[in-house]
Structure formats: structure tokens, C-alpha cells
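As C-alpha cells, the structure follows; a few thoughts come after it.
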There are 2 protein chains.
Amino acid sequence: MLKKKDKVILGVSAGPDSMFMFYQFLKIKKEYNLRLLCVHFNHGLRKESDGEEIFLRKVCKKIGIEFISEKKNVQDFFKGDSLEQTARNLRLDFFLKCSRQTKIKKISLAHHKDDLAETVLMRLIRGSGLKGLKGFSSKSKFKNLTIIRPLIEIRKKDIVDWLEINKISYCIDKSNLDEKFLRNRIRLKLLPLLEGLNPNIRENLYNLARNISLDYDFIYSLSYQKFTELKLGQMRNSLSLDLQGIKDLPLAIFNNVIRIAVEQFKGNTRQLETKHISEIRDLVFKRPLGSVVDLPDLQVKKEAKALIIQSLIL
Amino acid sequence: MLKKKDKVILGVSAGPDSMFMFYQFLKIKKEYNLRLLCVHFNHGLRKESDGEEIFLRKVCKKIGIEFISEKKNVQDFFKGDSLEQTARNLRLDFFLKCSRQTKIKKISLAHHKDDLAETVLMRLIRGSGLKGLKGFSSKSKFKNLTIIRPLIEIRKKDIVDWLEINKISYCIDKSNLDEKFLRNRIRLKLLPLLEGLNPNIRENLYNLARNISLDYDFIYSLSYQKFTELKLGQMRNSLSLDLQGIKDLPLAIFNNVIRIAVEQFKGNTRQLETKHISEIRDLVFKRPLGSVVDLPDLQVKKEAKALIIQSLIL
């Protein structure tokens, strides 16, 4: 994940995980000759938010680490989707902006092994395919940014123990957003029950996520390649795929090519459910030319030589 | 799953699920012009076992359905592995024998939607990759046998309700083998907790299994093809794969080619764990020629042009 002389942005919330990560980076800063930049996004969601930003700024100033923060009231940007998703998108935008400003292209985030187990279970509960179950990896890309997660093999209790022993201050996020509520239930109820059934459950979930990650990445990259080959054209209001070409795909690849096409066209696949993919499969393989399937914001139409994805908002 | 004039073996235990299936087949027997054969494997594990066999024989005689049963004391064949696995293997052997005797190549089993959700969770708890999480499908192959599972979209409660309304007798299996113990915990503790977090959990697990099934089958068939291309030779005590060829594979395919090779060589992959696959990956990509990895019953050796899987029991 790291090379000597690397420049690394540290995404720090001031909570225990990211403070632990911050101090581990300090420990190896000299040996690795690192340039570190600590960045903090103030979501303005809790009364403690501003205090946490000030706390971090002071810590960084004292130690002599560059610090950038930004405050945005997430509530102002929330459009009835998910508040966590809004917060996540704004935070990622902020990280991208920090990266552009400083030309540092690597960011380290403090997700650990227990987070991974919880994430896999959360995705399982909410409903997901391979893409969700892979959780997150030790290294991934987001646009021009390389995301590393050096704590991915570390257990939460080891983090808390270390902070305790080393008398490191951190802040505790007492908010209880939907996702955090679900995570808390998973952590406090579900994982202990699963641990009773198999003490190695976290290890198993970790291995599962890693294996699924490999499988998903392979299928995704093959599907992406097929999507590029089979895309006939893309305009502002429509995207068309070669009909015979997609009919000839193995079903696993077909499904992913449809997902990629919707993602490319619309920017996301958040409202695209399993049942929608089935409807499109029916359309392609069984229904007559000229038939359509209506999806949230989209219409998919079967024409003589092409499957057309078009916007409903013209 | 069914065509008119089909010949179908019904695997019936005398429990509620298989009795339900049995009566549904009777209802469509005439319309579909089916030949039905009811088969029952007596595991001899409980004091009620013989009574259940006699019960089923009587039911079939009364209705006029062919019936074959066989009794084997599973305990006598149990070699310290898993008792359920031993029972499952003996039962499958019996089904194959019935198929050979009668030349009927289709068998129907009574797994339903709740079984699928429980199976996916059981595999998740015990640790599994894609292969386990796909659960079972509505149609699969076992050697020359086509297995159909017509109840796969039916909920257990609807089965029990129907049996109640139609006053159908069935037997209850009170045994509590390891696997059944785990299944009971999943049914009585885990699923209600998950249902509290998401009322659609069974539907989600069902969709997950179906999606994963597609993805797994695709990766497996591609891996099998690569395995065939890269197998240099197989003798009684060794199997060799083209070293450069497997190095060039995407990692997801590499892992599956190794699994397939072990399966082909040894007959199963039961003792092959994720960590073993990692060790083989290390051997292939990082360690010097001549190095070996020791696995349960097997040794894997890296030679100049080949990766050799060899038996430790000569």
C-alpha cells in the first residue's frame, strides 16, 4: 500500500479508528519519508462537529502536520435519498478536491476488519449481489484517487486497546443515523449471535469478502469490455446496445452489462433492482420488437438491432 | 422443470415438505401424463425410521404409485467426518441406483424457499465462497441425474398450511444432528433477528443465491475450460498443470482452476481451505522452483514447466 517518499492524504474524522491510523502514520513517517496531509470533513450534523474540527486542527498544528478541513451542512444537500449516502458523496467530493489542490493522489481511510464484517452483513441484510458483498478492499480506485485501507486486517478491540495504553484522545460520534442504527444492531445483536454459532465468523466474512472481490472484479472487467464492444452509441438522452450481441452473452455477463449501461447513462444504479434486470432479460429474450420496460427515470426499448436505454425526463 | 409424459423419481422422506411435494405431483399426474416413482432412503438413525418406511409404502400402495426403499445404517458407514455428509452421500448413491434400475433420469427433491435462506446462512456461518452461497438451484445435475426442486419458490408456512387444510399425514424427524442443530438455531434465532432488521430478508437471500449462482456457474465453466487446456497430464499419483499458463490466468480463475484440479485428482475439495489456495498462489508466484506446499493428503510442487499435485499416500 505504501512506498518510501509517498504522499498520503489521511481522512480523519477524529473518532478512535482514524486517530489510531493517524498515529500509526506518524510512527512510520520518518522511516518511510512520508508527506502526510490530514483532511477532515465537518458534516455539521452534531453539536460536537465544530469542536472536533478544532480539536484536530490543534493536534495537527502541535505535531506539525498539514491540515485541511471543510464544513458543509449535510442536511442542506439532503434530497430525501439517504442521509448517509449524501454525507458520503459530499465527503468523497471533498477528498477529491483536497487531492486536486495538493496533487496528492493517495488517500488512507480507517476501515478495519470489524467494519468489513459489519459491512458484508449490512449488505446481506439490505439485499445485494456480489458487488455489495465484496465489501471494501485494502486498495481501490475512486476516479483519480487511490484509496488504501491499512487497518483492514486489524480488529477494533486492538485499536481501542492501543489508544487506551497510549492515552490518545479521540472523539465519540453519538449520532444514530439509519445506517449507524443498523450497524449498531449488527454489532451488538447479530455478530454476537453469529459468533455463538461459529467463533471464526469475522474471519470467515473477511475471507468471503476477499474471495468475492476477486470474482466480482473479474466478472466486472469482462462485462465492461463487452459493454464497450456492444455499445452502438450514446447521446444525452439515450444509449444503445447491439441487440444480437447482448443476446449472445452468458447470463452473468448480460446482467452486468445492463448494470454498467445504466450506470454509464444515469451516473448510478441505486434504483436498479434485481427485478428490473429480470424484466429487461424478459424484454430482450421473449418480448416482441417495439416492447418497452419502464424503470425509475428510464425506459428500455427493444428495437430491431438495438436495445435502447432512454431518459424519461426530456 | 417438467414436460408432458415425463418420468420422475420423487425423493420422499415422509416429512411435511416431501409429502407436500408428493401430493402436488399426484394432482398433476394425469394432466401431465407423468410416470412417478416414489423412493425412500431409510437412514436407520432413529427409532421411528422403520415405521416411516412402512407408512410410505402403504400410502404408495393405496394410491398406486411405484415405491422403492432401501435401508442402510448410516452409523456403520460414518468415518468421523460429518454424519450428515455420510447420510447425504449414501442417499445420493441410492438415488443414482434407483435411476439406473428404472432408467428414469429426473429426480424431484422437496427443498423450499426457507431451506434456501437457511442454507445460504449456514454456508455463510461455516465459511464459504461463491460456490456455497449459491445454495441450490431449481434445476441442477448430479452425475447422470437431473435434480429438480419445484418447491424452491414456496414458503414453509404455505406447505404446512396446505397439509393442515387437506388433512395430510406426515412424519416428524425429531433427530438433532449437528447440521440440524445449526439449522434450528438459524431458523429459530437468526432468521427472526434478521427479519426484524429487514422483513424481506428471505426474499433477499433468495435473490442473492440466484444471482451468485449465475456468477459462480459462469466462473466455474470458464475455469473448467482453462483447467482442461492447462492440464499437462494425470496419472494415478499426480496431476500436472502448465506453470506459465496458470500464471497468466486472472486470479479469480486461477483459484478455481486449483480447486478443480484438486477435485479431479482427489475426488473432493472438502479439506481445501482458503489459506491453502493462498499458499499455492504464493508458491506459484513467489517461491523458487522445487518448492513444495503440503496440504491434507496432498503435496503441490513447483517445477520448471509444471505445477504438480501429488498424492502423499503412495
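Can you tell me which residues in the stretch B:242-253 are part of a helix (DSSP H, G or I), within 15 Å of B:Lys302 (Cα to Cα) and in contact with a Lys or Arg (Cβ under 9 Å, 6 or more places away or on another chain)?
B:Leu243, B:Gln244, B:Gly245, B:Ile246
Of the conditions (1) more than 26 Å from B:Leu208 (Cα to Cα); (2) at pLDDT 95 or above, A:Ser169 satisfies every one except a single condition; which number is it?
Among (1) more than 26 Å from B:Leu208 (Cα to Cα); (2) at pLDDT 95 or above, A:Ser169 violates only (2).
Going by what's in this entry, would B:Ser18 be described as within 21 Å of B:Ile168 (Cβ to Cβ), out of contact with any Phe, Trp or Tyr (no Cβ under 6 Å at 6 or more places or on another chain), open to solvent by less than 20 Å² (accessible area, probe 1.4 Å) and not in a strand (DSSP E or B)?
Here the answer is yes, as B:Ser18 does meet what is asked.
Would you call A:Ile277 of a type in the set (A, V, I, L, M, F, W, C), closer than 15 Å to A:Val293 by Cα and within 14 Å of chain B (Cβ to nearest Cβ)?
yes
Filter the stretch B:45-77 for residues that are more than 20 Å from B:Lys97 (Cα to Cα), open to solvent by 40 Å² or more (accessible area, probe 1.4 Å) and not acidic (Asp, Glu) and give the result.
Listed by number, the residues that qualify are B:Leu45, B:Arg46, B:Lys47, B:Gly51, B:Ile54, B:Phe55, B:Lys58, B:Lys61, B:Lys62, B:Ile63, B:Gly64, B:Gln75.
Of the conditions (1) β-branched (Val, Ile, Thr); (2) buried (at least 20 other Cβ atoms within 10 Å of the Cβ); (3) away from chain A (no Cβ under 11 Å), B:Thr146 fails just one. Which one is it?
Failed condition: (2).
Here's the yes/no breakdown for (1) open to solvent by 50 Å² or more (accessible area, probe 1.4 Å); (2) out of contact with any strand residue (DSSP E or B) (no Cβ under 7 Å at 6 or more places or on another chain); (3) under 27 Å from A:Leu208 (Cβ atoms):
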| residue | (1), (2), (3) |
| --- | --- |
| B:Ile253 | no, yes, yes |
| B:Asn256 | no, yes, yes |
| B:Asn268 | no, yes, yes |
| B:His276 | no, no, yes |
| B:Glu279 | yes, no, yes |
| B:Asp282 | yes, yes, yes |
| B:Arg287 | yes, no, yes |
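Taking the condition out of contact with any Asp or Glu (no Cβ under 7 Å at 6 or more places or on another chain), at the interface with chain B (Cβ under 8 Å from one of its Cβ atoms) and of a type in the set (Lys, Arg), does A:Lys189 pass?
yes
Looking at the stretch B:78-116 only, could you name the residues that are surrounded by 20 or more Cβ atoms within 10 Å (Cβ to Cβ), among the hydroxyl-bearing types (Ser, Thr, Tyr) and touching a helix residue (DSSP H, G or I) at 6+ places or on another chain (Cβ under 7 Å)?
The answer is B:Ser108, and nothing else.
Would you confirm whether or not the stretch B:141-158 contains a residue that is at positive phi and within 15 Å of the chain's Cα centre (by Cα)?
yes
Is the stretch A:2-14 home to any residue that is surrounded by 14 or more Cβ atoms within 10 Å (Cβ to Cβ) and assigned to a helix (DSSP H, G or I)?
Among the residues of the stretch A:2-14, not one is surrounded by 14 or more Cβ atoms within 10 Å (Cβ to Cβ) and assigned to a helix (DSSP H, G or I), which makes the answer no.
Return yes or no: is B:Ser138 surrounded by 14 or more Cβ atoms within 10 Å (Cβ to Cβ), in contact with a Lys or Arg (Cβ under 6 Å, 6 or more places away or on another chain) and small (Gly, Ala, Ser)?
yes
Every residue, every condition in (1) buried (at least 21 other Cβ atoms within 10 Å of the Cβ); (2) closer than 23 Å to A:Ala209 by Cα; (3) within 12 Å of chain A (Cβ to nearest Cβ), yes or no:
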| residue | (1), (2), (3) |
| --- | --- |
| B:Leu197 | no, yes, yes |
| B:Asn200 | no, yes, yes |
| B:Asn207 | no, yes, yes |
| B:Ile212 | yes, yes, yes |
| B:Asp215 | yes, yes, yes |
| B:Ser221 | no, yes, yes |
| B:Glu229 | no, no, no |
| B:Asp242 | no, no, no |
| B:Pro250 | no, yes, yes |
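Can you spot a residue in the stretch A:48-69 that is over 26 Å from A:Leu163 (Cβ atoms) and over 20 Å from the mean Cα position of the chain (by Cα)?
no
Please find, among A:Glu48, A:Glu31, A:Glu52, A:Glu84, the residue that is over 26 Å from A:Lys157 (Cα atoms) and either touching a residue at least 40 places away in the same chain (Cβ under 8 Å) or out of contact with any Pro (no Cβ under 8 Å at 6 or more places or on another chain) (or both).
Within the list A:Glu48, A:Glu31, A:Glu52, A:Glu84, the selection yields A:Glu31.
Which of the residues that make up the stretch A:4-39 are charged (D, E, K, R) and farther than 21 Å from A:Arg91 by Cα?
A:Lys4, A:Lys5, A:Asp6, A:Lys27, A:Lys29, A:Lys30, A:Glu31, A:Arg35, listed by residue number.
When you check A:Leu208 against the structure, is it in a helix (DSSP H, G or I) and under 23 Å from B:Gly129 (Cα atoms), yes or no?
Here the answer is yes, as A:Leu208 does meet what is asked.
Do we have B:Gln299 as surrounded by fewer than 16 Cβ atoms within 10 Å (Cβ to Cβ) and farther than 24 Å from A:Tyr206 by Cβ here?
Yes; evaluated as a whole, the condition is true for this residue.
Which of (1) at pLDDT below 95; (2) out of contact with any Gly (no Cβ under 9 Å at 6 or more places or on another chain) does A:Val74 not meet, given it meets every other one?
(2)
Report yes if some residue within the stretch B:176-191 is part of a loop (DSSP other than H, G, I, E, B) and open to solvent by less than 60 Å² (accessible area, probe 1.4 Å); otherwise report no.
Within the stretch B:176-191, one or more residues are part of a loop (DSSP other than H, G, I, E, B) and open to solvent by less than 60 Å² (accessible area, probe 1.4 Å).
The conditions are (1) more than 14 Å from every other protein chain (Cβ to nearest Cβ); (2) free of Cβ contacts under 8 Å to residues at least 60 places away in the same chain; (3) in a loop (DSSP other than H, G, I, E, B); (4) open to solvent by 20 Å² or more (accessible area, probe 1.4 Å), and B:Ser169 fails exactly one of them. Which is it?
With (1) more than 14 Å from every other protein chain (Cβ to nearest Cβ); (2) free of Cβ contacts under 8 Å to residues at least 60 places away in the same chain; (3) in a loop (DSSP other than H, G, I, E, B); (4) open to solvent by 20 Å² or more (accessible area, probe 1.4 Å) applied to B:Ser169, the lone miss is (2).
Do we find a residue being touching an Asp or Glu at 6+ places or on another chain (Cβ under 7 Å), modelled with pLDDT under 95 and open to solvent by 20 Å² or more (accessible area, probe 1.4 Å) anywhere in the stretch B:120-131?
Taking every residue of the stretch B:120-131 in turn, none turns out to be touching an Asp or Glu at 6+ places or on another chain (Cβ under 7 Å), modelled with pLDDT under 95 and open to solvent by 20 Å² or more (accessible area, probe 1.4 Å).
The values are calculated or read from the model by the stated rules, or taken from the named source; none is laboratory data. Predicted, not measured: the structure shown is a model, and the values here were computed from it. Cβ sites come from the backbone with ideal geometry, for glycine too, and all protein chains shown count toward neighbours. Just the protein is used for accessible areas: all its heavy atoms, side chains included, with ligands, DNA and RNA removed. Shrake-Rupley method; radii C 1.70, N 1.55, O 1.52, S 1.80 Å.
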